[in-house]
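Structure first, then comments.
All of the numbers you see were taken from the coordinates with simple rules; none came from a lab. A quick note: this is a predicted structure, and the numbers were derived from the prediction, not measured. Positions of Cβ are backbone-derived with ideal geometry, glycine not excepted, and every protein chain shown enters the neighbour counts.
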Amino acid sequence: MAGSGRAQLRGRDDVLLEVKDLVVHFGAGRRRVVHAVSGVSFDVAEGETLGIVGESGCGKSTVARAIIRLVDITAGEVLFEGRDLAGLEGEELRRVRPRLQMIFQDPISSLNPRRRVRDVIAEGLAVWGDDIGSWSHDRIDELMEAVGVEARHGDRRPHEFSGGQCQRIGIARALALDPKVLICDEPVSALDVSIQAQILNLLQDMKRRYGLTVLFISHDLAVVKNVSDRIVVMYLGKVCEIGSTAEIYSRPAHPYTRALLASIPEPAAAVAADEGDIGDELPSATAPPSGCRFHTRCPRATEVCREVEPVTEPIGDGDHYIACHHPVAVDITARSR
């Protein structure tokens, strides 16, 4: 494990999606290159919900878009059912995409305003035809009712629905192609708090009903805690910490994870509120700091943090990993150096 930079599920043979050393740069060949994602690795077991958290600009949405190939992958692998999506092009990529669907952050702008919502939901089925499932009014009505939108409103257009209803329609569209993996890119951040809980409950229901594996991306740790089995914490294109939800909230070891937990209105019991004061804003992704990228804001940083990039290593006996030279002492077995 040491030196690989990868955090994997130990002893699991049911991994459905595996990301290995993923790199995504924007603006290659120009003077200023944006290092959006730099060597991110994690895996997701079938039926699991993996949460990805971090500040705006940390690269979590770029990771999601790279997995589904909405942005180009600079380097690394994305293995889905053993196939490397990074190496697929043309018809090969087109045929695997229905199995990985995405729910976008802005529910209203993600829907075509000129089309009836029935047609928006049915578009994927109309394109694929009998390869996945034949288009029918009954099928679309079933999907609409499943997500809590009355089928009789299928001839309306998106502007006639609220933000929460549009997100329900977006979920129905994603489910229409019977995907294995559902990628949720901050699906409730644009919604009122009262609607957020309804959408989260709906996603949980749909996961059980359709046997989904879910990547849930959010900057809201309280939301991620309620829906995730494991959590990946990202900072400026890098993975800081990975662990089960219980581990991350009860025994956070990375100073950045602790700062995130301290910043929520009711901090986790494992951290003090003053740990959320990490000073300066996120450095620029066009010129990321050397060594540990968090060292410019970390209260525990030393010279080694400024010079040497930490590798992802296991701590304790479970699936808990951290990339830090000076982890916060928690009730765990000391990690090996």
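Only a single item in (1) among the aliphatic types (A, V, I, L, M); (2) closer than 30 Å to residue 312 by Cα; (3) touching a residue at least 40 places away in the same chain (Cβ under 8 Å) is not met by residue 176, and it is number (2). In the range 87-98, the qualifying residues are those that are within 20 Å of the chain's Cα centre (by Cα) and in contact (Cβ under 8 Å) with a residue 24 or more places away in the chain, and the one that is surrounded by the most Cβ atoms within 10 Å (Cβ to Cβ) is 98. Of the residues in the range 147-173, how many are within 20 Å of residue 188 (Cβ to Cβ) and touching a Lys or Arg at 6+ places or on another chain (Cβ under 7 Å)? Residues meeting the conditions: 3. Is one or more of the residues making up the range 72-83 under 29 Å from residue 191 (Cα atoms) and without any contact (Cβ under 8 Å) to a residue 24 or more places away in the chain? Checked the range 72-83: no residue is under 29 Å from residue 191 (Cα atoms) and without any contact (Cβ under 8 Å) to a residue 24 or more places away in the chain. The single condition among (1) in contact with a helix residue (DSSP H, G or I) (Cβ under 8 Å, 6 or more places away or on another chain); (2) crowded, with 17+ Cβ neighbours inside 10 Å; (3) assigned to a helix (DSSP H, G or I) that residue 101 does not meet is (3). If you go through the range 137-161 and pick out every residue that is assigned to a loop (DSSP other than H, G, I, E, B) and more than 19 Å from residue 198 (Cβ to Cβ), you end up with 4. One residue is enough: does the range 105-114 have a residue meeting the conditions in contact with an Asp or Glu (Cβ under 9 Å, 6 or more places away or on another chain), aliphatic (A, V, I, L, M) and crowded, with 17+ Cβ neighbours inside 10 Å? Checking the range 105-114: not a single residue is in contact with an Asp or Glu (Cβ under 9 Å, 6 or more places away or on another chain), aliphatic (A, V, I, L, M) and crowded, with 17+ Cβ neighbours inside 10 Å.
Results for (1) in contact with a Lys or Arg (Cβ under 7 Å, 6 or more places away or on another chain); (2) without any contact (Cβ under 8 Å) to a residue 24 or more places away in the chain; (3) part of a loop (DSSP other than H, G, I, E, B); (4) farther than 23 Å from residue 59 by Cβ, shown as yes or no for each residue.
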| position | (1), (2), (3), (4) |
| --- | --- |
| 253 | no, no, yes, no |
| 260 | no, no, no, no |
| 268 | no, yes, yes, yes |
| 271 | yes, yes, yes, yes |
| 284 | no, yes, yes, no |
| 290 | yes, yes, yes, no |
| 298 | no, no, yes, no |
| 309 | no, yes, yes, no |
| 325 | no, no, yes, no |
